[in-house]
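Just so you know, all these numbers are worked out from the coordinates, no wet-lab data involved. What you see is a predicted model, and the numbers here were worked out from it, not measured in a lab. Here the Cβ positions follow ideal geometry from the backbone for every residue, glycine too, while neighbour counts run over all protein chains shown.
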Amino acid sequence: MISCWQQTNPENKVEKRMAETYAEAAVSITITTLTDVLAFYIGMIASFPSVEFFCLYTGTAFIFSYMFNITFLGAVLALNGKREEGNRHWLIFTKVKDIVQPHRSYLYNMCCVGGFSDKSSGGEGEYPMNKFFRKYYGPFLTKIWTKVSVVLLYGGFLATSIYGCTQMKEGIDLRNLASDDSYVIRYYDWVDDYFSEYGPRIMVTITENVPYWNLSIRNDIENCMKSLENNSYVDKSLSESWLRMYENVARIGSLSIDTKAFFMGNLSELYKLFPEFELDIDIRYKEIAASLFFIQTVNVTTAVDEKNLLHQLRDLAKGCKIPLMVYQPSFIYYDQYIVIVPNTIQNTGIATGVMLCVSLLLIPNLLCSLWVTFATASVVVGVAGFMIYWDVNLDSISMINLVICIGFSVDFSAHISYAFVSSEKSTMNEKAVEALYLLGYPVIQGALSTILGVIVLSAAQAYIFRTFFKIMFLVILFGAVHGLVFIPVFLTFFGIYGRSSNKRVNIKKIGKKQQLF
């Protein structure tokens, strides 16, 4: 909005300048806001409450930010227009001269002289960065050998990204939930060093009141325990069962446990020999409401092992005749491994499709919409693939950032593509140069401002903040590279000649405005 304001004619009334500013900027900020809000709201369909709440909060925050920009910021621009109309100083609001004073210092003329404008356009003159894109970078990028290099570079980028996606690691290391200087990290390091052979000790719970004194029921319980112990991740020699021990005690001591009265009455004999078993039996109103057994897992070293263990044990428990439940506190982390990949694919796929629909609705050019969708998908694949090279696993934390990736990746490519297809230049290369001239500077401004905003998180003592920085850095880097390098070159191969069908759009006027950012 500020850039659009700077391109209006200072000689016009504030009302007209505001009208021109909103006419040019409102559609652009509406497009980018809508794509971001939809990306986050789509993220709410994830299975993780943490992701759902984050996406709800952030999407709503974008709506409030949008309302703030078109209301409060507009009012500030109007007040500033009144100041400019009176040719007053930006800080102390006193009248300033509009002609350079030769006898004054450079600092005085810079701070206390105003009112300059480009007489030919009515706005400010050409920015040095815009001139760089028009005169140097654009012509350089459209040379044949440069295009060949860009195509090879993109092929390498895509191959590296796809390979990284195939090697992606799932799951969150519990160390990463603690601060870098926490003793918890040392604890898990020692566990890996000295006890990595052993996995979590699993609780097997009979969740309902069953007649344990019935021999067939006891056999069913034993069969369930054996099926769990025969799993490749379980060491049967380390299982712990109060019922097995009770049957041994009864056999050695010639105790009867085949009736309810004898079974319940003789439990005290078990407690005398093994008092710890009293904690495994929950007796309420002279009934065993629930009971507990233990199995020991081994060689559970990776997130894939943990996911397979959880799947297999739950399937075995589900197939038992006795109502069983397997549980371990770390299952809360294993559960996410089961749904993290399907949720990520689902969210990114739906969001990318929505981006295409939004582009078609608000930018009525099929070619432009397809290139925007291509760039979005390419950036998402790149970010997901390069996570492996920066030690970032696919978990609920990185999934949140991938949702952000979808919204932000649109910003860099949408207007470059639209500037190209709307250009009135006669050749593909000229269209690409003009698109870069009009929007290259805003892309760089947006990329640098975002990176500067999150770079402080790179030194954070918590994995969550560092992960946010890493993925945001990749998003901004790849998005800017797509907007400034890949998309302009590819458009020269697959673009269209002729003028845009949208006669109402003056892209030269739009382009000078940094409306995206």
Quiz item: What is the gain in length, in nm to one decimal, between Asn266 and Ile350 on full extension, counting 0.36 nm per residue of separation less the C-alpha to C-alpha distance?
Solution: 24.1 nm
Quiz item: Looking at Ala377, Pro329, Leu362, which one has the Cα that reaches farthest to the positive end of the dipole of the stretch 300-389 (charges on Cβ: Lys, Arg +1; Asp, Glu -1)?
Solution: Pro329
Quiz item: In the neighborhood of Tyr334, defined by Cβ-to-Cβ distances under 11 Å, what is the net charge if each Lys or Arg adds +1 and each Asp or Glu adds -1?
Solution: -2
Quiz item: From the Cα gyration tensor of the stretch 365-449, with a ≥ b ≥ c the square roots of its eigenvalues, which class applies: rounded if a/c is under 1.5, or else prolate if a/b is larger than b/c, or else oblate?
Solution: prolate
Self-check item: Among [x] 27.8, 114; [y] 33.1, 117; [z] 26.4, 118, the entry derived from the coordinates for Rg and Dmax of the Cα atoms in Å
Solution: [y]
Quiz item: Quick one: helix 303-318 against the long Cα principal axis of the chain, what's the angle to the nearest 10°, folded into 0 to 90?
Solution: 50
Quiz prompt | Nearest-20 debye value, the stretch 229-336 charge dipole, Cβ charges on Lys, Arg, Asp, Glu | solution = 320
Quiz prompt | Relative contact order, percent, the chain [alpha-carbon distance under 8 Å, six or more residues apart] | solution = 22
Quiz item: Each label point is 7 Å from the Cα along the Cα-to-Cβ direction; what then is the distance between the points at Leu370 and Arg314, in nm?
Solution: 4.2
Exercise. Loop sites only, by DSSP: take the trypsin sites (Lys or Arg not before Pro) in the chain that have at most 16 other C-beta atoms within 10 Å and name the longest stretch containing none of them.
Key: 170-285
Quiz item: Given DSSP loops and a limit of at most 15 other Cβ atoms within 10 Å, what is the longest stretch of the chain that contains no such GluC sites (Glu not before Pro)?
Solution: 209-423
Quiz item: Once the mean 1/r over all distinct Cα pairs of the stretch 279-355 is inverted, what Kirkwood radius in angstroms do you read off?
Solution: 15.5
Self-check item: On Cα atoms only, tilt of 366-386 relative to the major axis of the chain in degrees
Solution: 50
Self-check item: Theoretical FRET efficiency, 1/(1+(r/R0)^6), r = Cβ-Cβ of Val151 and Ile45, R0 45 Å, to 0.05
Solution: 0.75
Exercise. Note the full-extension length gain between Arg175 and Ile283 as 0.36 nm times their separation in residues minus their Cα-Cα distance, in nm to one decimal.
Key: 35.1 nm
Exercise. Determine which residues of the stretch 240-255 fall in the zone a paramagnetic label at Phe294 would reach in this model, i.e. backbone nitrogen under 15 Å from the point 7 Å along Cα→Cβ.
Key: 240-245
Quiz item: Which shape class, rounded, prolate or oblate, goes with the stretch 430-474 when its Cα gyration tensor gives a ≥ b ≥ c as root eigenvalues, a/c under 1.5 marks rounded, and past that a/b bigger than b/c marks prolate?
Solution: prolate
Practice problem: Would you kindly state how much longer the chain becomes between Ser105 and Glu11 on full extension, computed as 0.36 nm times their sequence separation minus their alpha carbon distance, in nm to one decimal? | Solution: 31.1 nm
Quiz item: Any idea which of Val392, Gln6, Leu228 is furthest toward the positive side of the dipole for the chain, if Lys and Arg beta-carbons carry +1 and Asp and Glu beta-carbons -1?
Solution: Gln6
